[in-house]
Structure formats: structure tokens, C-alpha cells
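**Q** One structure follows; several queries about it will come next.
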Amino acid sequence: MKKSPLPLQHIRGSETHVRGKEALVKLLRWHFGHSEFRGNQLEAIEAVLSGRDCFCLMPTGGGKSMCFQIPAVAKPGIVLVVCPLIALMENQVMALKEKGIAAEYLSSTQTSHAKNKIHEDIDSGKPSVRLLYVTPELISTPGFMLKLTKIYSRGLLNLIAIDEAHCISTWGHDFRPSYRKLSSLRSRLPDVPILALTATAVPKVQQDVIESLCLQNPLVLKSSFNRPNIYYEVRYKDLLDDAYADMSNLLKSIGDVCAIVYCLERTTCDDLSAHLSNSGISSAAYHAGLNSKMRTSVLDDWISSKIQVVVATVAFGMGIDRKDVRIVCHYNIPKSMEAFYQESGRAGRDQLPSRSMLYYGMDDRKKMEFILNNAEKKKFQSSSSEEGLSKKSLTDFIQMVEYCESSGCRRKKILKSFGEQVPTSLCRKSCDACKHPNLVAKYLEELTNTCAVQQKSRFSRILISSSSDIVDEKQFSEFWNRDEDARGSEDDISNSDDDTEVTESLVRSKLPSNSGLEEKIDFLQHAEERYYQNKVSDRQINKLDKKVISETLRESSKQRLLNALKQAQQRLGNLTIEVETSACFLESECYKKYGKSGKSFYYSQVASTVRWLSTTSSLDLTNRLGTISSFPSDDILSKAEPATRPLLVLDQGPTKITGEELYDSARSETSLCASPCTELPAIPSFSEFVSSSRKANDNRSKRDPEKLEKRMRYKKE
Ligand SMILES: Nc1ncnc2c1ncn2[C@@H]1O[C@H](COP(=O)(O)OP(=O)(O)OP(=O)(O)O)[C@@H](O)[C@H]1O
Ligand SMILES: [Mg+2]
């Protein structure tokens, strides 16, 4: 179908249509403060402005949003953005409003007053909104579709951008049934260009996206999947004495930086997070077993830097827009390279040096194989047409195993799985296999030997040898493909419009009467944890006025700005600034601007200041801080000292985030001391008591000479 020129009949007043590279670059600088377009941004923007469909594949953090945000400011009318997550929409809309761009979102979470205002505007014939973010669920409602058709018939719908477009494909790793309904957009709104954006799509998914959305002669733009700022590394759990301790040493050695740790099971999240907290690292677990209040509170604390590490299942991710994640760890092997790429890609979205660390264990491998095999059987029983899909899951997983178990450049393996053939030199020694090839070869050899010994002596810790009942599928439900959504899975916490409150997990958990002591302890432990978590979160939420910017929040923002200033200082060389005073100054600027508007705006202002600090020049920085002389000495300074400091803060000097230091710091396994605790220790809860007894047992077994030797061997490397 040939497209007619873009509808222009209702252009407002003197506003004109911006075209041409120079004019578009001006818009980029004016609205977003970036000096040049990145990668294929300009091509995508020009294509959609000329009315052409476009499929745009750009790596995570590559700047896909700009491809529809610039068209929105380049001409009057509305750009409709389809987004899978409400959190993501909120984030982007807030950031755009901050820049003075008229953006809104429509979702079930808004008050009817807010929604009515937006509807009035878009019905007005002269809408002021430029970007309208919606969920795929809303698009599929007849009422909203009718509204869209009206806007379209008035010539006001300029572009439809489908973000995270891979969600439309059942072959993608994040399939969402609601995305399927987007295929009707082309027939309902035939002349509006469609822009499909994704960071993860293997060739088959790319084709599926293009066909499902009925893109016509689209401009297909593909950038390399390479993330040069991420250093990739694998550690072998079977060669480590204690993977938890290794991870906490690793996180401590990097400094007080923002991190995500992914686990397969919810219990591991709880357990590992407790371990990290006990080691002095501020962390929290996040998974579908927590109620939504608790999840929101964890997310808020992480975004505002109150906590450093989130230990999560895959439920935590898409749309989590924190640019300064310095490390993403996988405590268990992911199910596919696509999932791994997407998750590890949450590191370093600010393009600064970052790290991906995968802890690989043979037990994990067997467990995942079991899950995938089981899925294959189940799907085969329910529908033979699904068989190909399940086999694909196993093939995908093998790629992940090869990533861990074979020597050779990790980066090359990632890129190969997306169909990119690159020379090893591209890596520039930014993976462990290229940087320490002999060491990696040695580990692999030891791994082979260790596994052979384990098999021979039948001493296997493999959990899932024969009995399928041992695997509690609820624990893994966040791992399953999103087709679970169709059945209204309780575990879908992705915060889309069809989100349902997670039912009380205690009610769900039925402890089989024939359970062993271990399972009973686990059950009680979890019951207790959930009880306290719910209690604490209820108390917190009841007390908290959502809008109030507390002193603690201000303090954590100062801390965040202080870290960003220290990083800027490192990046810019020997720049002499008083970082503490400057952090107070910058925070007070944010507070002065948004203190009355509420927490969200304040957060966002702090976040954009941190972003600005990560790229600003010495001149701009000193110019901005030059105004410190006019810094008021009244309440702001006096408030700078926090009343309380609820979390343990590691005294580690400047955060190490650049170059070799970032990559090598963990190898030294230096453990940094947490500031001394002056309070009396709390009375241990039942779960703490159980885990400390378990730890004591573990420690006893560590004295086992064979294990000790293994530990010594690893430490010597
Ligand atoms: N031309 C540019 N120059 C400098 N920075 C840019 C440019 N375009 C975008 N950015 C910045 O890059 C960061 C990532 O952008 P964005 O969120 O659009 O990435 P993305 O491709 O959508 O990533 P993801 O796949 O993770 O959603 C943002 O901080 C954005 O401001
Ligand atoms: Mg994006």
C-alpha cells in the first residue's frame, strides 16, 4: 500500500515542519542537550518524518527513544508511543516534561481526573500533547481505538512508535500476548508511519516483528549489538568455595555503586540479599512473591540510591531506567543469550565502563535443562504445534552454556548468537577470556576435572536428578516466557495495564504433608519473612505521604550526587572541586526547583543532574558550581547533615568505576570494612537464626580438607 504524504491540514499557527539534518540537530541540542545524533538515529528520524515505516534495531542504551521523541518536536500533531510498562512510561513522560516537552501517558494507574484532562486535550482538535504514551492493552480497547481513529481522521496522528517491539513475537524472549493486538493498527490507521524499536531481536524475530505489524517497505536499520563499555566475565561456582562470599567481595571491591543481581529463584533472591546485607552491602530482594507495595518501595529505594543492590528475578528489568548501573551479576545462568544480553545490557546505559559477571554452576545448568525439558514435554502435551518453540528454548540455552563452558572471546560469542561475525580484536581485551586467556583455560580444565570427580563419586549436589516434584515451579514462574500472561499468571509483575495484584503467597503455598524437615524449615522461614515484609511495608506505606521528600531521601540524593561528582572528578582529571559542598549545592538546586512538586519530580531532577555530571565538561561544571558563592547559608546547609543514616555506608573513598580498576578490582577480593556499628545487635529472627545455623554447618564443612584445598587453589590464581 502506498502511503499518502503525512497529514498536515491542522498545523497550528506558525508552527512548521522541521526537516533536514541541520535543523534536526538543532532540535536535538535545544531540547535534549546532545551535540550529535548517535548511530542510526538520524536515519530513523528522517525516515519516519518522510512517512516511511522503519524497523530500528539498536543496542540497549543506544538511544532508541530519541527516534520518536525528535519527530514529536519536529512537527505539530501527536506521536503515539506504545510501551510495555507503566513504570517505563511514567519515567519517560516525567523526563520529557522536565525538558518542557508536552508528553502524557494513559494508564489504569492514573486518577480519572488526570485521564479526563488528557482526553479533553486530545479531543480538542488542537491538542497540546506531542507524545502520548499508552500500553498495548489500551490500544486494544474499542473506546480508545475509536478515539485514535478520530485523531487520525483529523490528520493529527503523525507517528506510531512501538517500543520494545520484540514483545510482539512468540519467538522473542519477552513475548506479550497484548502486543499481538497491535497488528490491527496498520489496517485501522493506514497512512500513519510505524516505527518499531527493539534492542534484542535475532533475524527470525526481526522478520516476525515486521510481518506482525504489517510494516510496508520499512527502512530496516540495524546497529551492532556490541556493548563496548561492558566487560564480560564468568566465574565458576564449582571452583569457588563460597559463591555468596565471592559476590559480596566483588561488590564491595567495586565500591558503593549501583548493581543488579539476577537469580532464578525467589528464595535465592531473599537468601542472597540477606547475605549481602549482613556483609554490609545495602541490598534488597525483588520478585513476584512480594506484594506490589513492597516492590514499589524496593524500586524507589534503589532508584534513589538508598539501596545499592537489587537481588531480583527476571521480573525486575524491562523499563528500569537507571543509567548508572555499574555491574549486573547473574547468580544463575539465564535461559538464553537474548535474555542474558537484555539483562546484562542494563549495565552502563550511560556508556561508562561497566561490568557483566555470570556465576556459572553445573547444578544450575542441570536445573535449567530440567526446566526447559519439562517445558518441552508440557507444551508438547498441550499443543504439538508448540514443539518447535520448546526445542528452540533448548537450543538457545546451549548457546548460553557454550558462552560459559568454552574458551574464546565472550563478546564474540554474544555477537555471534545475534548473527554478527566479528574479529576477536573487536573485544580489546574487555572480557576475561581475552584479558586472561590462560587463567580461563585453567579454570575450564579444573571445572572438567571437578565435574568428573563429582560424577565418579556420585557426590552430586544436583537437585533435580529424578524427582520432578522437587522443583517448585512457582519459584521459577518469573522465568517462563510471557505467554503465561495469557493465563493471567499471578507472577506477572511487569506493571502493564493488565497487571493483577499478586495474591498472598502464603495462601498459595501448600506444604505437602510428606515434606521433609528442610522443606518445613524453608516454608516457615518464608512464611515469617513474608509476614514481616508485609507488616513493614504496610507500616511504611501507611505512614508515608507519597509526595513528601524526606530528609533521608535528600540525604541519599546528596550521596548519589557526591558519587557522581567523584566520578566526574576522576573522568575530568585533576579538577579541584569541593565535592561535599558541591553535592549539597546541587541537591539543594533540585530541592528548590521541585521540593514542592513532589518526590517524583525531585527524583527525576536528581537523576538528570547525575546524568549531566557523567558527561559534562570541566568548564560547564565549574561554571555551574561557580554559583556556590551565592549558596545560601540558611536552612539548606543546616539540613545537609542527616538526622539519621539508616543504612550502613561503606567507607571506601572514591568509587572505582573506570578502566582497568573496574575490571580487576574484584580479582584481588579485597574486603572493605563497613563502618563500625555502634548499636546493640538486634535479636535474630527465626530465619536469621536458621540461616546462621546453616552457615555454621557450612563453615564446619568448609574445614573439610578437600574443600580447603580447592579454596586455596582458587585463591592462588
Ligand atoms: N544522540 C545522543 N547523544 C548522547 N546521548 C544520547 C543520544 N541519544 C540518546 N542519548 C542518551 O542515551 C541514553 C539511553 O537512551 P534510551 O533510553 O533512549 O536508550 P534505548 O535505546 O531506548 O535503551 P533500552 O533498550 O535500554 O531501552 C539516554 O540517557 C539518552 O539521553
Ligand atoms: Mg528504550
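The values are calculated or read from the model by the stated rules, or taken from the named source; none is laboratory data. As the structure is a computational prediction, the values presented were derived from the model and not from experiment. Heads up, the Cβs are rebuilt from the backbone with ideal geometry, glycines too, and the neighbour counts pull from every protein chain shown. The protein model used for the area step is the full one, side chains on, heavy atoms only, and it has no ligands, DNA or RNA in it. Shrake-Rupley method; radii C 1.70, N 1.55, O 1.52, S 1.80 Å.
**Q** Which far-off residues, 5 or more places away or on another chain, put their amide H under 5 Å from the one on residue 234, with H placed in the peptide plane?
**A** Long-range HN contacts for residue 234: 358, 432.
**Q** How would you rank 49-58, 137-146, highest first, on the average number of other Cβ atoms within 10 Å across their residues?
**A** Result, highest mean Cβ count within 10 Å first: 49-58, 137-146.
**Q** Related question: Using amide H atoms built 1.01 Å from N in the peptide plane, name the residues 5+ places from residue 320, or on other chains, whose amide H lies under 5 Å from its own.
**A** none
**Q** Size of the dipole of segment 123-256 about the Cα centre, Lys and Arg at +1 and Asp and Glu at -1 on the beta carbon, nothing else charged, in debye to 20?
**A** It comes to approximately 900 debye.
**Q** Here's a follow-up. Give me, ordered by chain and number, the residues 5 or more places off residue 329 or on other chains with an amide H under 5 Å from its own placed amide H.
**A** 260, 261, 262, 357
**Q** Sticking with this one: Longer than 26 Å from Cα to Cα, which of 391/413; 26/64; 222/416; 237/558; 335/416; 237/306 are they? Say none if no pair is.
**A** 237/558; 237/306
**Q** Round to a whole number: what % of the accessible area of segment 187-326 belongs to carbon and sulfur, probe 1.4 Å?
**A** 49 percent
**Q** Still on this model: Spelling out what I want: for every residue of segment 224-230, take phi, set θ = phi - 60°, compute 6.51 cos²θ - 1.76 cosθ + 1.60 (Karplus), and round to whole Hz; glycine and proline get x.
**A** Karplus-based 3J(HN,Hα) across segment 224-230 equals 5, 7, 4, 10, x, 7, 9 Hz.
**Q** Cβ under 13 Å from residue 185's Cβ, residue 185 left aside: what net charge do those residues give with Lys, Arg +1 and Asp, Glu -1?
**A** Summing Lys and Arg as +1 and Asp and Glu as -1 gives +2.
**Q** Related question: For a distance above 18 Å, tell me the whole-number percent of Cα pairs in segment 159-204 that qualify.
**A** Here the long-distance tail beyond 18 Å is 28 percent of all Cα pairs in segment 159-204.
**Q** If you place +1 on the Cβ of every Lys and Arg, -1 on the Cβ of every Asp and Glu, and leave all else neutral, what size is the dipole of segment 268-362 about its Cα centre, to the nearest 20 Debye?
**A** 120 debye
**Q** To continue, here is another question. Probe radius 1.4 Å, ligands and nucleic acids ignored: give me the carbon and sulfur share of the accessible area of segment 65-152 as a rounded percent.
**A** 56 percent
**Q** What is the packing order of peptides 120-130, 94-104, 267-277, taking the mean over residues of other C-beta atoms within 10 Å and listing the highest first?
**A** Result, highest mean Cβ count within 10 Å first: 267-277, 94-104, 120-130.
**Q** Considering the dipole of segment 219-299 built from charges on the beta carbon (Lys and Arg +1, Asp and Glu -1) around the Cα centre, which of 258, 282, 223 is farthest to its positive end?
**A** Most positive-ward Cα: 223.
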